[in-house]
Amino acid sequence: MSVPYAPVMSVDRPNLLFITLDEFRAECLSAAGHRVVRTPALDDLCAQGVRFARHYGQAAPCGPGRAALYTGTYQMNNRVVMNGSPLDDRFDNLARAARRSGYDPVLFGYTDQAIDPRTVADDDPRLQTYEGVLPGFRCELDLTRGREAWADWVRSQGYEMPVDPEKGLATEPDRPAEVGVSAFLTDRFLEWLPAQEEPWFVHMSHLRPHPPFAAAGEWATAYDRSAVDLPIAAGSDIHPLHEFLLSISYFAAPADEAGQREMRAQYYGMISDVDQQLGRVWQALRESGQWDNTIVVVTSDHGEQLGDHGMVQKMGWFEESFHIPLIIRDPRKSESAGTVIDSFSEAVDVFPTLCEMLHEPVPRQCDGRSLTPFLDGVVPEEWRDAAFWEFDWRFFTPGRHGAQWPGDRRSAGHQLTVRRSGEVGYVQFADGEALVYDLAADPTWRTMLRDPERAWAEARAMLAWRAQHTDRTLTGTFLP
């Protein structure tokens, strides 16, 4: 695609392209050594930027994961515990920060943030959906409400599409990739781009590789099923929560090998499809003269079990649901191109990083820290030695105890927090139980640590983490 213009470039006012790829596992990059999936566009970005190899999301599913990403806060502070949990309007976010910095933050896609009901009238239609748009964004392409905008366009191109657009995702292999949901979003961005005369801030929020496991067009058959890797089997000692999740068909992976290979091949196909679309974006930015004035950040909201431990989707405590990619390419930091960072980083670090890039103060609410020193080849002092994530499943078991909140608070026990260090995975349940995995001996999270002293040290470290990150809205403010 040729874009016949070249806007004035500014080092102090770069474009910022913030991309999320929904449900993307960190290792599914050929740049990260994956032996099956091919991601040339993302590999190109890694070669020109910095890849954070130990990057983790803070929560699942989408709403909680994105609340942490957009606000820089842990779930224990933002309290978005499920899709539909309102995001308290008091929280600052990356769109509001960009607007304060003089940008017009534009969204292509969705953000899955339920509106704070205290800020709107009782009959506001936004109260009827968890797929709200994060405050601060101007929505250029709305892919909420079941992806209706995409479904209507597909029909206008002469293709059949189920009345329920969500089911249309499952029929993507029946249509060319050029009319797939990933291509549709990319087309709309590329149509919008040539008219921009000022530096821009864009959030491109891609749906794929989110299930259903059905890649568009030729990508549905791009990977040889016999070459696809098989998932990690469930361990012999299954925790009751793990067993409960396996009992829900929505979370249960195919039991047969053929089904597992098909699922993974479709997932890899969706990744390669969206990777090809990103390649089109890189090319358009180069041809328009904007590539060297555009910061690109690529990440995800959470991961995908993909059959590991017998499950699909994202939940529980296993690493596959929370280990996600983060690639940052800042053209002003060319000396760090191709760097891979092995220090632990978290989704809550992204908002502070963007604030520094926009020359905006980092809000007091942020639990994360800016990653910009890593872009200069510097490891900050006293950097974290572990990553944390949380999972709340109280809404998976409605009516389990009968009594209503606040009279009966037992549903609050349906929560867990994970501390993942280099050698140990410590899982603390809100009811007091704990699981401690020996990741040095077995990185698949199936072998328990038999060292009580080390387990107690991990518990103390988690207590310290919670104490250090408790909400501090008015902390440091004193009245005379």
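The values are calculated or read from the model by the stated rules, or taken from the named source; none is laboratory data. Model, not experiment: these values are computed from the prediction. Neighbour counts run over all protein chains shown; Cβ positions are idealised from the backbone, glycine included.
Odds and ends about this structure:
- Candidates Tyr5, Tyr70, filtered to the one that is in contact with a helix residue (DSSP H, G or I) (Cβ under 8 Å, 6 or more places away or on another chain) and modelled with pLDDT of 95 or more: Tyr70
- Filtered by the rule that a residue be within 22 Å of Gln58 (Cβ to Cβ), of a type outside the set (A, V, I, L, M) and surrounded by fewer than 18 Cβ atoms within 10 Å (Cβ to Cβ), region 445-464 gives a lone residue, Arg460.
- Reported count of residues in region 288-303, each being assigned to a loop (DSSP other than H, G, I, E, B) and either at pLDDT below 95 or in contact with a Phe, Trp or Tyr (Cβ under 7 Å, 6 or more places away or on another chain) (or both), is 4.
- Residues (over 26 Å from the mean Cα position of the chain (by Cα), under 19 Å from Asp385 (Cα atoms) and outside any helix (DSSP H, G or I)) located in region 443-476: Leu449
- Residue list for region 32-78, restricted to those being surrounded by 19 or more Cβ atoms within 10 Å (Cβ to Cβ) and free of Cβ contacts under 8 Å to residues at least 24 places away in the same chain: Asn78
- Check on Glu243, more than 25 Å from Met448 (Cα to Cα), outside any loop (DSSP other than H, G, I, E, B) and free of Cβ contacts under 8 Å to residues at least 60 places away in the same chain: no
- Residue among Gly259, Gly307 that is buried (at least 23 other Cβ atoms within 10 Å of the Cβ), at pLDDT 95 or above and assigned by TED's automatic domain parsing to the domain that holds Ala337: Gly307
- Failed condition for Arg54, given (1) farther than 27 Å from Met462 by Cα; (2) modelled with pLDDT of 95 or more; (3) not β-branched (Val, Ile, Thr): (1)
- The residue that is surrounded by the most Cβ atoms within 10 Å (Cβ to Cβ), among those in region 193-245 that are within 19 Å of Ala255 (Cβ to Cβ) and among the aromatic types (Phe, Trp, Tyr), is Phe213.
- Among residues of region 42-73, those that are under 26 Å from Thr144 (Cβ atoms) and hydrophobic (A, V, I, L, M, F, W, C), counted: 7
- When Gly432, Gly422 are checked against the criterion of being on the phi > 0 side of the Ramachandran plot and surrounded by fewer than 16 Cβ atoms within 10 Å (Cβ to Cβ), a single residue qualifies: Gly432.
- Every pair of residues 6+ apart whose Cβ atoms lie under 6 Å, when the first sits in region 339-358 and is closer than 13 Å to Tyr74 by Cβ and modelled with pLDDT of 95 or more while the second is among the hydroxyl-bearing types (Ser, Thr, Tyr) and in a strand (DSSP E or B): Glu346/Tyr56
- Matching residues in region 18-38 - criterion: being within 18 Å of the chain's Cα centre (by Cα) and among the hydroxyl-bearing types (Ser, Thr, Tyr): Thr20
- The set of residues in region 304-348 being part of a loop (DSSP other than H, G, I, E, B) and aromatic (Phe, Trp, Tyr) consists of Trp317, Phe318, Phe322.
- The criterion of at least 2 residues that are assigned by TED's automatic domain parsing to the domain that holds Leu358, small (Gly, Ala, Ser) and closer than 30 Å to Leu190 by Cβ is met, among helices (runs of 4 or more DSSP H) falling completely within region 45-119, by 62-71, 94-100.
- Filtered residue count, region 321-344, keeping only those that are closer than 17 Å to Ala387 by Cα and buried (at least 24 other Cβ atoms within 10 Å of the Cβ): 5
- Filter result for Ser182 (within 30 Å of Asp12 (Cβ to Cβ) and under 23 Å from the mean Cα position of the chain (by Cα)): no
- So Pro165, is it surrounded by fewer than 23 Cβ atoms within 10 Å (Cβ to Cβ), free of Cβ contacts under 8 Å to residues at least 40 places away in the same chain and under 24 Å from the mean Cα position of the chain (by Cα): yes
- Across region 228-240, the number of residues qualifying as acidic (Asp, Glu) and either in a helix (DSSP H, G or I) or modelled with pLDDT of 95 or more (or both) comes to 1.
- Scope region 365-396; condition at pLDDT 95 or above and not in a loop (DSSP other than H, G, I, E, B); matching residues: Thr372, Pro373, Phe374, Leu375, Ala386, Ala387, Phe388, Trp389, Glu390, Phe391, Asp392
- Among residues of region 79-111, those that are free of Cβ contacts under 8 Å to residues at least 60 places away in the same chain and surrounded by 24 or more Cβ atoms within 10 Å (Cβ to Cβ), counted: 2
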